[in-house]
Amino acid sequence: MPPAPVSTDGSRTVSGIFFLLAALFIFTVMDAIAKYLTADYPVVFIMWVRYAFQFAFVVALSLRARARLLPRTGRVGLQLGRAALNVGSTFLFIFALRYVALADAVALSMVGPLFLTALSVPLLGETVGIRRWTAVVIGFVGALIILRPGLGVVHWAGMILILSSLLYALYQIATRVISRSDPPLTILFYTTAVGLAISSVIVPFEWKAAPLEVWLLLVVQGGLGALAHLAVITAFTRVPVSTIAPFNYASVVMALGANHASS
């Protein structure tokens, strides 16, 4: 199953944006679950169970699609590096959720599209015009205006969230690069397998018994994680990074909705 060619025609752009928005919605649900779980469970434990069940869903998806040889790639180093960036970004974000409200965490993470747009020029050779820069900056300012009353004095965990955003921007750029040569399921396989391998080294020291309802939440996280990452990969096969970056700000509205729903 070869990767879809990147195109900038209207229909592919619209579908790519749709996939990104779908991924952002799923990630928001996952973040809300993680926020709830971090009150009682270690971050590595949450990540390991998420990756374990996510890996099971990846295998199930590959069997359904009759995809074979998922590990086959001509760019192993990039695949491993990209997956490691995702692990680092995820760990830092979930860790920061212990100390920062979900909506505030998303607001502080809104430097991500700025990183993404800026890095797309030297790393991808994309041309970013004044309209795209304006859209990104307006989105960033708008996010801060919307959430400023809730931010108050920025917690020290805010710096962790900014670092997490930088790692995630690099992860998205690597996704765009690797999607030119590898199919989505192969990319998703490495994303999940590396995350599972890294967390497996640490989780024995962070293990904590959990009741059935917590395990059910973690299983849901695993399935949602597979779908969300597949949606992100699909989005970046269809739309240039600098074009799609401003739409990341939709997660602010989603996070506010999740906060209101849980309050």
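The values are calculated or read from the model by the stated rules, or taken from the named source; none is laboratory data. Not measured: the values here are computed from a predicted model. As a convention, Cβ positions derive from the backbone with ideal geometry for all residues, glycine included, and neighbour counts pool all protein chains shown. Keep in mind that these areas ignore ligands, DNA and RNA; they rest on the heavy atoms of the full protein, side chains included. Shrake-Rupley method; radii C 1.70, N 1.55, O 1.52, S 1.80 Å.
Data overview
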quantity	calculated
Search result, residues across segment 125-137 that are hydrophobic (A, V, I, L, M, F, W, C) and not in a helix (DSSP H, G or I)	VAL128
Filter result for ALA103 (open to solvent by less than 30 Å² (accessible area, probe 1.4 Å) and at pLDDT 90 or above)	no
Residues satisfying the stated conditions in segment 73-87, i.e. open to solvent by 20 Å² or more (accessible area, probe 1.4 Å) and within 18 Å of LEU166 (Cα to Cα)	LEU78, LEU80, GLY81, ALA84, LEU85
Elements of type helices (runs of 4 or more DSSP H) in segment 12-124, at least 1 residues being within 18 Å of LEU230 (Cα to Cα) and out of contact with any His (no Cβ under 6 Å at 6 or more places or on another chain)	43-64, 76-96
Tally of residues being at pLDDT 70 or above and open to solvent by 60 Å² or more (accessible area, probe 1.4 Å) across segment 135-162	5
Residues of segment 111-126 satisfying the condition of being open to solvent by 10 Å² or more (accessible area, probe 1.4 Å) and of a type outside the set (Gly, Ala, Ser)	VAL111, LEU114, PHE115, LEU119, VAL121, PRO122, LEU123, LEU124, GLU126
Index of the failed condition, ALA118 passing every other in (1) at pLDDT 80 or above; (2) closer than 24 Å to PHE247 by Cα; (3) in contact with a helix residue (DSSP H, G or I) (Cβ under 7 Å, 6 or more places away or on another chain)	(3)
So ALA197, is it under 24 Å from ALA107 (Cα atoms) and modelled with pLDDT of 90 or more	no
